[in-house]
Amino acid sequence: MSIQEFVLAGQWVFLAYFVGINAGYLLQNVIAAHGIRRYLQTADQYEAENVFSALDIPISLVVPAYNESASIITSVKAMLQLEYPQYELIVVNDGSSDDTLEKLIDAFHLQEFPEAYRARVQCEPVKTVYRSTRISNLRVIDKENGGSKADASNAGINMCRYPLVCVVDADSVMQPDSLRRVVRPFLEDPTTVAVGGTVRIANGCTVRQGFLEKVGLPGNFLALVQVVEYLRAFLFGRMGWSPINGLLIISGAFGLFHKETLVEAGGYNPQAVGEDMELVLRLHRLMKEKRRPYRITFVPDPVCWTDAPENLRDLKSQRVRWQHGLGQALALNKSLITNPRGGAVTWIAIPFYMIFELFGPIVEVAGYVFIIVSAFMGWLAWPEALIFLGLAIGLGVMLSTSAIMLEELSFHMYPRFKQLVLLYLIAIVENFGFRQLTAIWRFQGLVRWLSGSEHKWETITRSTSLADESQ
């Protein structure tokens, strides 16, 4: 093959990839925009008539906690004030090495309680169960450290009394009506087995007593870019897959599950790097193997706010872990990939994720290198190279700005004109350096998974927007 033929073939491969991925994203945008419009129309009626007020299903709220001494009391107090008629709060102290447990005991007057414990899903041994003498719906579990959030979550699931289980990060900021909003799909469709809610970036917001008091934008550039990323990922990515029952991930920061189905699936996998996505794939696999009708859906309301990394080390660790977890989750559920009765999950969602999300970093990194090298070597004319790069960047900008536009038209969480201008500016700037850097990190995560390397968990530095409030 001559140089010219090689360059021409490379151009067609990279062009086909970029056309394919952006066509997929654009289609998701259209589906999501229509879905959010319909959701908001029915949500108004739902709120006005309070349709299911007498039918709310009791919820068990599970909060895994490891070394959360700085914020655990504020978080628990906030969760005890959620607007929902019947729920219990189960805090799981996963063998913390700080004084997380001691603070919980003192603040909520906990006493040891000889409660029966049934280990229905895998986790490390539970040492002690505590109940509050003042708050009837609060229990605290002290267990041996399992080394992962999945293990702690499973211990909480084993203690749940109610038919629905909601797993929430200890440092998440929940809106008061979060449970009422996320439970709605279970009330509307009895075949629902899991629901994910929208997660937003809390950096730059004002938090008082564990509740969001004022929405703001972070001053940190990396956190600001992630605001746009999360808008794009949740409003379009998750909402785009939900109508065809092709949702493959529910964020570990906020998810609601049918308990018996969750137990039947085996709970979270403590060995999984991306335990949240692996669980959802396993639920799809289980329900299709059993040939049961089911729904795994998404709620677009902003129901949960979480901390985002503000330095390159933490952000790299997060993105490498996500990519590693994606590959591992698909491999652990490979029978779903070849299931002839897999529906939209097998025939649409998984192929899209494998081609564009899992192996996409190879094409993206190689594409940028190919274009630059070819232009410098004279194999490709600079105008052609610039047109190709401009097309790729322009489509990226269009997707991000459309996500911001949909946010503004639907939920209007950033009402100030300066905030919108800044978000639109970031939607442009992120394409010059940040996108390429994340592609490299994702490539590293892919290599780590393919090589069979063991993932090492690292501590993520928390932003002062949440940490200071808890002091």
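The values are calculated or read from the model by the stated rules, or taken from the named source; none is laboratory data. Predicted model only: the values in this text are computed from it and were never measured. Reconstructed Cβ throughout: ideal geometry from the backbone, glycine too, with neighbour counts over all protein chains shown.
Counting only strands (runs of 3 or more DSSP E) that sit wholly inside the stretch 62-168, those with at least 3 residues that are more than 29 Å from Thr198 (Cβ to Cβ) are 110-112, 126-132.
Do the conditions hold for Pro302, that is, is it out of contact with any helix residue (DSSP H, G or I) (no Cβ under 7 Å at 6 or more places or on another chain), of a type outside the set (D, E, K, R), touching a residue at least 40 places away in the same chain (Cβ under 8 Å) and surrounded by fewer than 20 Cβ atoms within 10 Å (Cβ to Cβ)? Taking the combined requirement at face value, the residue does not satisfy it.
Scanning the stretch 387-436 for residues that are of a type in the set (Lys, Arg) and surrounded by 16 or more Cβ atoms within 10 Å (Cβ to Cβ) turns up just one, Arg435.
Figure legend. Inter-residue proximity from the stretch 314-340: first residues within 27 Å of Gln226 (Cβ to Cβ), second residues among the basic types (Lys, Arg), beta-carbon distance below 8 Å, spacing 6+ or different chains. Indicated pairs: Arg319/Arg442; Val320/Arg442; Val320/Arg448; Trp322/Arg442; Gln323/Arg442; Gln323/Arg448; His324/Arg448.
Please enumerate the residues belonging to the stretch 8-33 that are hydrophobic (A, V, I, L, M, F, W, C), under 25 Å from Met377 (Cβ atoms) and surrounded by 17 or more Cβ atoms within 10 Å (Cβ to Cβ). Once the filter is applied, which keeps residues that are hydrophobic (A, V, I, L, M, F, W, C), under 25 Å from Met377 (Cβ atoms) and surrounded by 17 or more Cβ atoms within 10 Å (Cβ to Cβ), the stretch 8-33 yields Phe14, Phe18.
Quick grid of which residues meet (1) charged (D, E, K, R); (2) at pLDDT 80 or above; (3) within 30 Å of Leu110 (Cβ to Cβ):
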| position | (1), (2), (3) |
| --- | --- |
| Ala9 | no, yes, no |
| Ala16 | no, yes, no |
| Asn22 | no, yes, no |
| Asn29 | no, yes, no |
| Ala33 | no, yes, no |
| Asp44 | yes, no, no |
| Glu47 | yes, no, no |
| Leu55 | no, no, no |
| Val62 | no, yes, yes |
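Using the structure shown, decide if Val121 is farther than 15 Å from Tyr66 by Cα, in contact with a helix residue (DSSP H, G or I) (Cβ under 8 Å, 6 or more places away or on another chain) and not charged (D, E, K, R). Yes, satisfied.
Kindly indicate whether any position in the stretch 212-219 is aliphatic (A, V, I, L, M), surrounded by 22 or more Cβ atoms within 10 Å (Cβ to Cβ) and touching a residue at least 12 places away in the same chain (Cβ under 8 Å). No: the stretch 212-219 contains no residue that is aliphatic (A, V, I, L, M), surrounded by 22 or more Cβ atoms within 10 Å (Cβ to Cβ) and touching a residue at least 12 places away in the same chain (Cβ under 8 Å).
The set of residues from the stretch 375-428 being free of Cβ contacts under 8 Å to residues at least 40 places away in the same chain and hydroxyl-bearing (Ser, Thr, Tyr) comprises Thr401, Tyr424.
Listed by position, the helices (runs of 4 or more DSSP H) enclosed by the stretch 360-471 that each have at least 2 residues that are farther than 23 Å from Thr306 by Cα, modelled with pLDDT under 80 and out of contact with any Asp or Glu (no Cβ under 6 Å at 6 or more places or on another chain) are 360-377, 382-410. Sub-6 Å Cβ pairs linking a first residue in the stretch 5-25 that is over 11 Å from Phe370 (Cβ atoms) and of a type outside the set (Val, Ile, Thr) to a second residue that is part of a helix (DSSP H, G or I) and modelled with pLDDT under 85, at least 6 apart or interchain, are Phe18/Ala392; Asn22/Leu395, ordered by first then second residue.
Within the stretch 352-402, take every residue that is of a type in the set (Ser, Thr, Tyr) and under 14 Å from Gly10 (Cβ atoms) and give me the one that is farthest from the chain's Cα centre (by Cα).
Ser374
Criterion applied to Val121, Val183, Val129 was being surrounded by 23 or more Cβ atoms within 10 Å (Cβ to Cβ) and either within 30 Å of Gln271 (Cβ to Cβ) or out of contact with any Gly (no Cβ under 6 Å at 6 or more places or on another chain) (or both), and the one residue passing it is Val183.
Looking at the structure I just gave you, is Arg208 closer than 20 Å to Ala116 by Cα, of a type in the set (D, E, K, R) and surrounded by fewer than 23 Cβ atoms within 10 Å (Cβ to Cβ)? Steps first, answer last, please.
Details: closer than 20 Å to Ala116 by Cα: no; of a type in the set (D, E, K, R): yes; surrounded by fewer than 23 Cβ atoms within 10 Å (Cβ to Cβ): yes.
The answer is no for Arg208.
Going through (1) under 29 Å from Phe411 (Cβ atoms); (2) in contact with a helix residue (DSSP H, G or I) (Cβ under 7 Å, 6 or more places away or on another chain) one by one, Ala78 falls short only on (2). On the stretch given as the stretch 425-444, residues that are among the basic types (Lys, Arg) and over 11 Å from Lys316 (Cα atoms) total 1.
Just to be sure, is Arg232 among the charged types (D, E, K, R), closer than 30 Å to Val429 by Cβ, in contact with a helix residue (DSSP H, G or I) (Cβ under 8 Å, 6 or more places away or on another chain) and in contact (Cβ under 8 Å) with a residue 40 or more places away in the chain?
Working: among the charged types (D, E, K, R): yes; closer than 30 Å to Val429 by Cβ: yes; in contact with a helix residue (DSSP H, G or I) (Cβ under 8 Å, 6 or more places away or on another chain): yes; in contact (Cβ under 8 Å) with a residue 40 or more places away in the chain: yes.
So Arg232 fits the description; yes.
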